[in-house]
Amino acid sequence: MVRKKPMDQILAMIGECKNLLILGCDGCAGVYQEGGRKQVELMKTAIEMAEEVKKGRKVNILTDVVERQCESSFCASVVNPVIHNVDAILSLGCGVGVQVLADMYPNTLIIPGHDTMFIGVEDRESGMFHELCKACGSCLLYETGGICPVARCAKSLLNGPCGGQSKGKCEVGGWKKDCAWVLIYNRLKDRERLDLFTVFRAPKDFREMQHPREFSASGG
Amino acid sequence: MRQAYSELMKEISAGKFVYTGELEPVKTTSLKEVLEGAQTLKGHVVAVNVTDNPTAFAYMNALIPSYVIQRDVGVEAVYQMTVRDRNRIALLSDILAAGALGIKNILALSGDHTTVGDTPQAKPVYDLDSTTFVYMLSKIVDEGVDLNGNRVEEPPKFNVGIAANINADPLEPEILKLERKVKLGVDFIQTQAVYDVERAKRFMEAVDYLNTPVLIGLAPFRSVGMLDWMVKFVPGIAVPEEVQERIRLADKRGGKAAVLEENVEIFGDLARELKKTTRAKGLHLMAIGFEHIVPRIIERAG
Ligand code: SF4
Ligand code: SF4
């Protein structure tokens, strides 16, 4: 379940980007009419208008929708052909979709257009699953290079890494899994955005994550 | 810069080279060992850290021994607080209690994860992280309000310390994280144990720009068993071959007593070297259960 981020936040994240791809998702986000074809087109119009009024400039916006943004193969067929023409992708999927894209295109800014409120019931096939998103309700993937510390740092630290990090591995589970904060650091360093790394992230408002949760797609 | 409220900060501000010690209240209701330890350290160190359920082992609440060593022994405490076991409400509650009991130093820590401790089934809290905890402390001490802006009557006056992973690899994210914390109101930094002067120097150079007093951590080896454990299970801690060799040989030569003497030499010399060649404002000596070595290391450091 996702909720559109406030427009001001989206515009702030777009910043000076000139060539944008708005990528919807026909999976969960599409089914519930939050990130499907129609929302992608509405978002395009909204951004074009806002950019012209607020910054007096034109942004080149491509749009597309993938069947399921949480599956890299689906994303690849749609995004690969155009990736060289865009500076950033605005994802209208959930926090998982953003991170799948961020892993596939580490040098491209992936902007979360949604706050993921929670993950509803979904059957998943067997195999390995990695938890990518805890649906925390205030997505900060923009600041963390498209890698979620809420779900992927064992302590959900917002200002890591902790002292338990060694050679990029996490103390939890015996230094076998990657430390999310070192991943974030490496990603941001590669993209020359360490300024985002050093940002102070204030204590989280956990009200958004309280369970049992309810959410109305019409903006509740 | 926050005013110096504690003896520790007063001495650092006065330009003295300071020493701090460390005590660990373990799984017991007895304060006997902690008080004896504090007595041994008294006069040699300016303050003593009291650990808060270290490596996520469930021990006595650190606030009680922090208070009692100040009251009965007259040694200042550095009350260690982790965010692992308390949410922001419980943290505030303990902070106010600490203020009422005359605690002057708080070391804000994230705390090792519950899964590495002796109660791995526990639900970890991490409502705040050590950075947001520093932010909370600054609000209380400097502005007299809690995180939500609610007024705190007669706010406590603490100096706030943080820990640094001196052996961090990669080092840069650690430094950047320290920078983020320092900006929020940190008075001093205590580092994890270091055994290697070069590493310590590299770290001290990297944090120089933060302009915050650093106490470098030293942890002598109580026994060969402890050495083996450090080498095997504590990643990121590099004990040079030569040091390991000296401890092991001493053990063969003369058992526990010889190990102790060897430690005095190794760590006394290391302390002198760090004092001389780095811009550390002091050393943090972690010799839990064998505090008697601390005065001897300090003496040898000169
Ligand atoms: S910050 Fe993490 S948990 Fe929160 S919505 Fe984004 S990906 Fe999900
Ligand atoms: S080592 Fe890294 S991933 Fe693990 S708890 Fe610490 S910051 Fe989080």
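The values are calculated or read from the model by the stated rules, or taken from the named source; none is laboratory data. Since the structure is predicted, the reported quantities are computational estimates derived from the model, not experimental observations. Using ideal geometry, Cβ is built from the backbone for each residue, glycine included, and neighbour counts are taken over all protein chains shown. SASA here: full protein model, heavy atoms, side chains in, ligands and nucleic acids out. Shrake-Rupley method; radii C 1.70, N 1.55, O 1.52, S 1.80 Å.
If you take the residues in the stretch A:163-183 that are facing chain B (nearest Cβ under 7 Å) and open to solvent by 20 Å² or more (accessible area, probe 1.4 Å), which one is farthest from B:Arg86 (Cα to Cα)?
Among those that are facing chain B (nearest Cβ under 7 Å) and open to solvent by 20 Å² or more (accessible area, probe 1.4 Å), it is A:Lys167.
For residues that are farther than 20 Å from A:Cys133 by Cβ and of a type in the set (D, E, K, R), tally how many sit in the stretch A:174-202.
Number satisfying all stated conditions: 7.
Run B:Gly117 past the list (1) over 19 Å from A:Asn159 (Cβ atoms); (2) under 19 Å from the mean Cα position of the chain (by Cα); (3) crowded, with 22+ Cβ neighbours inside 10 Å and report the number of the one that doesn't hold.
(3)
Picking from B:Ala14, B:Ala47, B:Ala98, B:Ala58, which residue would you name as being surrounded by fewer than 20 Cβ atoms within 10 Å (Cβ to Cβ) and in contact (Cβ under 8 Å) with a residue 24 or more places away in the chain?
B:Ala58
Please work out which one of (1) closer than 22 Å to B:Lys281 by Cβ; (2) of a type in the set (S, T, N, Q); (3) in contact with a Ser or Thr (Cβ under 9 Å, 6 or more places away or on another chain); (4) open to solvent by 10 Å² or more (accessible area, probe 1.4 Å) is the condition B:Asn159 fails and give its number.
Exception for B:Asn159: condition (4).
Which residue out of A:Val78, A:Val65, A:Val100 is touching a residue at least 24 places away in the same chain (Cβ under 8 Å), among the aliphatic types (A, V, I, L, M), crowded, with 22+ Cβ neighbours inside 10 Å and assigned to a helix (DSSP H, G or I)?
A:Val100
Looking at (1) open to solvent by less than 20 Å² (accessible area, probe 1.4 Å); (2) at pLDDT below 95, can you tell me which one A:Asn107 breaks?
The failed condition is (1).
Scan the stretch A:190-214 for residues that are within 16 Å of ligand 2 (Cβ to nearest atom) and outside any loop (DSSP other than H, G, I, E, B) and report the count.
1
Which ranges mark the helices (runs of 4 or more DSSP H) fully within the stretch B:1-102 that have 3 or more residues being farther than 26 Å from A:Leu157 by Cβ, among the aromatic types (Phe, Trp, Tyr) and at pLDDT 95 or above?
Output list is empty.
May I ask you to say which residue of A:Ser156, A:Ser72 is surrounded by fewer than 22 Cβ atoms within 10 Å (Cβ to Cβ) and within 16 Å of ligand 2 (Cβ to nearest atom)?
Sole residue among the options that is surrounded by fewer than 22 Cβ atoms within 10 Å (Cβ to Cβ) and within 16 Å of ligand 2 (Cβ to nearest atom): A:Ser156.
Which condition does B:Arg88 not pass, out of (1) surrounded by 23 or more Cβ atoms within 10 Å (Cβ to Cβ); (2) farther than 30 Å from B:Arg300 by Cβ; (3) basic (Lys, Arg), if it passes all the others?
Just one mismatch for B:Arg88, condition (1).
Yes/no per residue for (1) assigned to a loop (DSSP other than H, G, I, E, B); (2) in contact (Cβ under 8 Å) with a residue 12 or more places away in the chain; (3) farther than 10 Å from B:Ala164 by Cβ:
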residue: B:Gly185; (1), (2), (3): yes, yes, yes
residue: B:Met204; (1), (2), (3): no, yes, yes
residue: B:Arg222; (1), (2), (3): yes, yes, yes
residue: B:Gly225; (1), (2), (3): no, no, yes
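Each row is one residue, and each column tells you yes or no for (1) open to solvent by less than 30 Å² (accessible area, probe 1.4 Å); (2) assigned to a loop (DSSP other than H, G, I, E, B).
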| residue | (1), (2) |
| --- | --- |
| B:Ala122 | no, yes |
| B:Leu128 | yes, yes |
| B:Thr132 | yes, no |
| B:Lys139 | no, no |
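Please identify the pairs in which a residue from the stretch A:135-151 that is in contact (Cβ under 8 Å) with a residue 60 or more places away in the chain and near ligand 1 (Cβ under 7 Å from one of its atoms) has its Cβ atom under 7 Å from the Cβ atom of a residue that is among the aromatic types (Phe, Trp, Tyr) and in a loop (DSSP other than H, G, I, E, B), counting only partners at least 6 apart or on another chain.
Close Cβ pairs satisfying both conditions: A:Ala135/A:Phe118.
Those residues that are in a helix (DSSP H, G or I), closer than 25 Å to B:Val78 by Cα and open to solvent by less than 20 Å² (accessible area, probe 1.4 Å), I need them from the stretch B:264-290; list them, please.
The answer is B:Val264, B:Phe267, B:Gly268, B:Leu270, B:Ala271, B:Leu274.
Considering each of B:Leu171, B:Leu147, B:Leu176, B:Leu184 in turn, give the residue that is open to solvent by 10 Å² or more (accessible area, probe 1.4 Å), more than 8 Å from chain A (Cβ to nearest Cβ) and over 16 Å from the mean Cα position of the chain (by Cα).
Only one candidate passes the filter, namely B:Leu171.
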